[in-house]
Amino acid sequence: MELSHIFFLSQITNANIHTFLIKTKYLYKNVKNMENINYTVSTNNINIKDSYLVSKKNFKEILNTIKSEYPDNIVFKNRKIKSMMLEWATHNFCYKINFERNRTKDVDLNYPQEKKVNILYNIVGVLVWLFVK
C-alpha cells in the first residue's frame, strides 16, 4: 500500500493521505515556483516528485520529516540520510545538464540498491554536490 503526501500549511488526516503542518515559506523559500513537496512512500521506495526543484539545503530536513512519519520503513532502516542526499543531488545535477530529464526529474530512494549503483551515487554524488544548488 502506498501513501501519498503533500506538504501544506494545514493538517488533514485521511485513511490513505496525511498532510503535515510545516512552515512552507520558511522551509522551501528557495524552491522555484513550488508551494508543496509531493512524495510517495511504499515498503521499499520513497519517490519525490519534481525533486529537481528542491534545493540541496532542504534535502535533509525533508528526508527527516518523512522519516519521522515512517521510522520503520526499510529504506530508512537500511540507508543513511547522507546516501539518499547524494543520490538526490546526482538526480538534480543530471536534470540540470539535461541528461535523461524524464528519469531525473523525480528521485526514487529505494532499498535494496544494486551495489554498483550505490557506489556510483556515493562517488558521483560527492562530486556533483559542489555544483548543485
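The values are calculated or read from the model by the stated rules, or taken from the named source; none is laboratory data. Given the structure is predicted, the values throughout are model-derived calculations rather than measurements. Positions of Cβ are backbone-derived with ideal geometry, glycine not excepted, and every protein chain shown enters the neighbour counts.
Tell me, please, whether a residue that is modelled with pLDDT under 95 and touching a strand residue (DSSP E or B) at 6+ places or on another chain (Cβ under 8 Å) can be found in region 86-98.
Within region 86-98, none of the residues are modelled with pLDDT under 95 and touching a strand residue (DSSP E or B) at 6+ places or on another chain (Cβ under 8 Å).
With modelled with pLDDT of 95 or more and either surrounded by fewer than 14 Cβ atoms within 10 Å (Cβ to Cβ) or in a loop (DSSP other than H, G, I, E, B) (or both) as the only criterion, which of 32, 25, 77, 57 stands out? Don't jump to the end; show me each part of the working.
Values: 32 fails: modelled with pLDDT of 95 or more; 25 fails: modelled with pLDDT of 95 or more; 57 fails: modelled with pLDDT of 95 or more.
Selected residue: 77, the only one of 32, 25, 77, 57 that is modelled with pLDDT of 95 or more and either surrounded by fewer than 14 Cβ atoms within 10 Å (Cβ to Cβ) or in a loop (DSSP other than H, G, I, E, B) (or both).
Condition first: under 18 Å from the mean Cα position of the chain (by Cα), in a loop (DSSP other than H, G, I, E, B) and free of Cβ contacts under 8 Å to residues at least 40 places away in the same chain. Now tell me which residues in region 104-129 satisfy that.
Once the filter is applied, which keeps residues that are under 18 Å from the mean Cα position of the chain (by Cα), in a loop (DSSP other than H, G, I, E, B) and free of Cβ contacts under 8 Å to residues at least 40 places away in the same chain, region 104-129 yields only 113.
Is it the case, given these coordinates, that residue 73 is among the polar types (S, T, N, Q) and over 13 Å from the mean Cα position of the chain (by Cα)?
Numbers: among the polar types (S, T, N, Q): yes; over 13 Å from the mean Cα position of the chain (by Cα): yes.
Answer is yes for this residue.
Give the residues of region 95-133 that are touching an Asp or Glu at 6+ places or on another chain (Cβ under 8 Å) and either crowded, with 19+ Cβ neighbours inside 10 Å or among the hydroxyl-bearing types (Ser, Thr, Tyr) (or both), sorted by residue number.
Those that are touching an Asp or Glu at 6+ places or on another chain (Cβ under 8 Å) and either crowded, with 19+ Cβ neighbours inside 10 Å or among the hydroxyl-bearing types (Ser, Thr, Tyr) (or both): 107, 109, 121, 125.
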